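Here's the structure, in structure tokens; my notes come after.
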There are 2 protein chains.
Amino acid sequence: MIAAESLLADQREAMVAELKSFIEIPSVSTDPAHAGDVQRAAEFVAKQLVRAGLSDVRIHPTEGHPIVTASWRHRSDRPTILIYGHFDVQPPDPLAAWQSPPFVPVIRNNRLYGRGASDDKGPLLIPIKVVAALLAAEAELPVNVVFLLEGEEEIGSAHLGAFIEKHRALLSADFVLSADGAQWRPNFPSVITGSRGLCALEVSVESARKDLHSGRHGGAVANPIQKLVDLLASLHRGDGAIAVTGFYDRVIEPSIEERQRVAAIAFDEAEYLASIGAEASVGEVGYSLIERNWLRPTLEFNGIYGGYTGPGKKTVIPSWAGAKITCRLVPDQNPVEIAECIVRHLRQGIGPDARLSIHVEPSGAWPYTIRDDHRGLILAKEILAQVTGQTPVLVRMGATIPIGGLFKQLLGIDTIFFSFATADEDYHAPNEFFRLSSLGTGLKAWTQYLHALGRQSCGPS
Amino acid sequence: MIAAESLLADQREAMVAELKSFIEIPSVSTDPAHAGDVQRAAEFVAKQLVRAGLSDVRIHPTEGHPIVTASWRHRSDRPTILIYGHFDVQPPDPLAAWQSPPFVPVIRNNRLYGRGASDDKGPLLIPIKVVAALLAAEAELPVNVVFLLEGEEEIGSAHLGAFIEKHRALLSADFVLSADGAQWRPNFPSVITGSRGLCALEVSVESARKDLHSGRHGGAVANPIQKLVDLLASLHRGDGAIAVTGFYDRVIEPSIEERQRVAAIAFDEAEYLASIGAEASVGEVGYSLIERNWLRPTLEFNGIYGGYTGPGKKTVIPSWAGAKITCRLVPDQNPVEIAECIVRHLRQGIGPDARLSIHVEPSGAWPYTIRDDHRGLILAKEILAQVTGQTPVLVRMGATIPIGGLFKQLLGIDTIFFSFATADEDYHAPNEFFRLSSLGTGLKAWTQYLHALGRQSCGPS
């Protein structure tokens, strides 16, 4: 056992207490009211990095939320890894659905419940604690590291690109090891070989300048909710495919090998549907459930609103109605291009009787894939097998981690996702939790990964 | 000039102050939180009736909001009219759209702004003040009157039917003169010959038992907003007609005479559209704007909701989404039957991948029409012509006044709508107002109507 591992085992209780304090900070990046909390979360991780023994810890302000960096580069003969994670969280609503308040972390059944516990505060604390323990036990690290921790992951890493471009030297590394990402299923170690991209739009339809009495005006003018539902309904075809011209133009069809690999994965669809309380699996005809989630793009409605939504009825034709849309993209879809296709489709469909306004979120993300034979990826598979005693599955993610594409584009390096969150931990939903058992597994895996990577560069031992 | 008229002219300022106090009571009947305010509004009108000189003023509790009655029956040789009005109001939201707070009445440009000013507090105060002035000036009324004022008009008069059935003797009258209703356009006197009926539903679609991350689950399961918009979009055809089987089965096509009468009305469509800030008039193909609003049924979406609606984006597949629907009905559509047709349509459309729940509001209303040669209607036309100097137009209302059908069914009597609200006064919308000039016209018209009706029964003079 590596000396740092026993150190970490001793610190477990204190570490959970620290993680709780971290979760108590409601660092909701999407809500301007929580900007101060995102700053506090940045200060929290900065303090952790200082205490770990890193000397050049910095909180960089951006036009949005801050970015925290720290590095340890004292072994020019060893490779450098860039450790990525984020300290912002998703909004907690619907609040009423939480069993305990989102920002009051509580342990139930060896799971730590709270917004951000799994995405990404728990997993992010792991490499910080591992680096701290290695420095404490060995006075040096087996490889060089640079931490890059951001506060805008949940809103599309809007200012990360510009930051990376400005700090290429600070961030130079052989590859990225990301504390964000997720194990695909509990007790089912996995290595991510790709993630979907994202683009987001908000659309609003206005038919009159004011709310109208549905008796006095009903039948005379357009109902904006009717216009909106007609428009939104036109975005999908009856067979579940997306009806937007140009949407599939750049989509790379999954290879036969990839489809065979997916088909070989043990996956109980009935159990999955029961776990989320869904009646049936639906989507694009001609693809399996996992294929649709990993290898095919989607267009989802995330929110819809308009008119009277209080108790009882109100006989109103509202002035306007709106909806939030996001798409998950696969190689080689371009988020900007896809948003443009959707805007064109909506503008063509609106007709002369209503006004359409569309806001395209600037924070699109490219889809990402990595070669199966990348040395960092192979090592991740080996360490996971060693730590869990199981052979990891290669998975493509249905979710988006914008940094995969970003690091590739801006620094030319690949990203290995080495997160110990698990995909069923209800992040982005009420009752998010982090398995405390994953904390132990993660601490062990990161310690061994850094050691093994260090050993690799010394040649065969 | 009738003596009561000059009395009323002297009281104008005090009357506006009283109307302001009335509007200050936020008697929103649809919101249980305002039940106490609806009660206060009942007490306000009861006090007004007592001060008018009526001796048997009563506030009757119901299972919902109270009903207020009062009567004066001292001339058995004269006809009896039942005076109807309501003291509840629509909810004020969206609050942000009000130029001044909804329950802080303010006069701007000789208009009194505030929720309920036009619907129905201003118009309701008129007959009370007229009766008070007639009793003060003449110590008796030209006809017998019974007031029936309710607190549930805005929620479909849910308990009025049962109340009428229990109090037939108290309410016996020759016909109803209603302070609710509206003049069709400013400076364009009109008499209502019919109103549309109403049925209301709330529909909700659930696809999973919890909110899901759109990356982890997108493509695998149904999006309830997508299911909802597909369902809602299926309720109308491309030509604007309603696509629900059975919906038009009992609809009486407007007669050639009726269509000619409508076509003869001076109506500037461009001006109308400009007044509400709409680009174009749309609806069922084959009917004019006024025909669609008066003579044809509609199916309107009044509200839609689901998923994340806060600032920014949230990559969630919500657990559920819902919408509020109301239909305006024309003779001889049955509100219960129409709701059943819609429920059937929705149930057939939902598919096996989501759960549908539908709540049909119990407070449906029948459409209503009155014969053109009803003596109360003819008198209304004469008095309006006399007071305004213009020939009134016969209009069918696009709106619903459930009491038309209710009084016809339960008491066998017709209803003359004699309201001095005007249809453009933004009731059911932000910035509702009542023209103070209408107060003067209304007071004059009601005084003269009661006098003329009394004279009629004495035979030719």
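The values are calculated or read from the model by the stated rules, or taken from the named source; none is laboratory data. This one's a predicted model, so the numbers in the text were calculated from it and none came from an experiment. Cβ: placed from backbone, ideal geometry, glycine included. Neighbour counts: every protein chain shown. Note: accessible area is taken over every heavy atom of the protein model, side chains too, but ligands, DNA and RNA are not part of it. Shrake-Rupley method; radii C 1.70, N 1.55, O 1.52, S 1.80 Å.
Structure values in brief
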{"item": "All positions within segment A:380-425 that are closer than 23 Å to A:Glu150 by Cα, open to solvent by 30 Å² or more (accessible area, probe 1.4 Å) and in contact (Cβ under 8 Å) with a residue 40 or more places away in the chain", "result": "A:Leu406, A:Lys408, A:Gln409, A:Leu410, A:Leu411"}
{"item": "Residue check for A:Asp93: modelled with pLDDT of 95 or more and acidic (Asp, Glu)", "result": "no"}
{"item": "Subset tally (residues that are more than 7 Å from every other protein chain (Cβ to nearest Cβ), touching a residue at least 60 places away in the same chain (Cβ under 8 Å) and in contact with an Asp or Glu (Cβ under 7 Å, 6 or more places away or on another chain)) for segment B:202-254", "result": "3"}
{"item": "Neighbours by Cβ (under 9 Å, 6+ apart or cross-chain): first from segment A:264-286, in contact (Cβ under 8 Å) with a residue 60 or more places away in the chain; second in a helix (DSSP H, G or I) and surrounded by 16 or more Cβ atoms within 10 Å (Cβ to Cβ)", "result": "A:Ile265/A:Ile290"}
{"item": "From B:Val28, B:Val57, B:Val45, residue being in contact with a Ser or Thr (Cβ under 9 Å, 6 or more places away or on another chain) and of a type outside the set (D, E, K, R)", "result": "B:Val57"}
{"item": "Any hit, segment B:350-369, residues being among the aliphatic types (A, V, I, L, M) and closer than 30 Å to B:Thr447 by Cβ", "result": "no"}
{"item": "Lone qualifier among B:Val316, B:Val285 - being open to solvent by 30 Å² or more (accessible area, probe 1.4 Å), of a type in the set (Val, Ile, Thr) and out of contact with any Cys (no Cβ under 7 Å at 6 or more places or on another chain)", "result": "B:Val285"}
{"item": "Odd one out for A:Val205 among (1) more than 29 Å from the chain's Cα centre (by Cα); (2) open to solvent by 10 Å² or more (accessible area, probe 1.4 Å)", "result": "(2)"}
{"item": "Positions within segment B:93-111 being open to solvent by less than 70 Å² (accessible area, probe 1.4 Å) and among the polar types (S, T, N, Q), in sequence order", "result": "B:Ser100"}
{"item": "B:Thr391, sole failed condition from (1) among the polar types (S, T, N, Q); (2) touching a Ser or Thr at 6+ places or on another chain (Cβ under 7 Å); (3) away from chain A (no Cβ under 14 Å)", "result": "(2)"}
{"item": "Selection status of B:Lys444, more than 30 Å from A:Ser214 (Cβ to Cβ) and basic (Lys, Arg)", "result": "yes"}
{"item": "Residues located in segment B:223-274, provided they are within 24 Å of the chain's Cα centre (by Cα) and of a type in the set (Ser, Thr, Tyr)", "result": "B:Tyr248, B:Tyr272"}
{"item": "Qualifying positions in segment A:1-47 - open to solvent by less than 10 Å² (accessible area, probe 1.4 Å), under 24 Å from A:Val106 (Cβ atoms) and part of a helix (DSSP H, G or I)", "result": "A:Leu8, A:Met15, A:Leu19, A:Phe22, A:Ile23, A:Val38, A:Ala41, A:Val45"}
{"item": "Qualifying positions in segment A:325-354 - touching a helix residue (DSSP H, G or I) at 6+ places or on another chain (Cβ under 9 Å) and among the charged types (D, E, K, R)", "result": "A:Arg328, A:Asp353"}
{"item": "Residue selected from segment A:221-268 under the condition basic (Lys, Arg) and either open to solvent by less than 10 Å² (accessible area, probe 1.4 Å) or not in a loop (DSSP other than H, G, I, E, B) (or both), by the criterion modelled with the highest pLDDT", "result": "A:Lys227"}
{"item": "Verdict on A:Arg347 being farther than 30 Å from A:Val176 by Cα and away from every other protein chain (no Cβ under 14 Å)", "result": "yes"}
{"item": "Residue that is farthest from the other protein chains (Cβ to nearest Cβ) [pool: residues in segment B:172-188 that are over 17 Å from B:Pro402 (Cα atoms) and either of a type in the set (Gly, Ala, Ser) or open to solvent by less than 10 Å² (accessible area, probe 1.4 Å) (or both)]", "result": "B:Ser172"}
{"item": "Checklist (1) surrounded by fewer than 18 Cβ atoms within 10 Å (Cβ to Cβ); (2) closer than 25 Å to A:Ala139 by Cα; (3) modelled with pLDDT of 95 or more; (4) of a type outside the set (Lys, Arg) applied to A:Asp77, failing item", "result": "(3)"}
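Conditions tested, residue by residue: (1) free of Cβ contacts under 8 Å to residues at least 12 places away in the same chain; (2) within 22 Å of A:Glu5 (Cα to Cα); (3) within 18 Å of the chain's Cα centre (by Cα).
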{"residue": "A:Val38", "(1), (2), (3)": "no, no, yes"}
{"residue": "A:Arg78", "(1), (2), (3)": "no, yes, no"}
{"residue": "A:Pro91", "(1), (2), (3)": "no, no, yes"}
{"residue": "A:Trp98", "(1), (2), (3)": "no, no, no"}
{"residue": "A:Val104", "(1), (2), (3)": "no, no, no"}
{"residue": "A:Arg115", "(1), (2), (3)": "no, no, yes"}
{"residue": "A:Lys129", "(1), (2), (3)": "no, yes, no"}
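Yes/no matrix, rows are residues, columns are (1) of a type in the set (A, V, I, L, M); (2) at pLDDT 95 or above; (3) touching a Ser or Thr at 6+ places or on another chain (Cβ under 6 Å):
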residue	(1), (2), (3)
A:Ala132	yes, yes, no
A:Asn144	no, yes, yes
A:Gly156	no, no, yes
A:Ser204	no, yes, yes
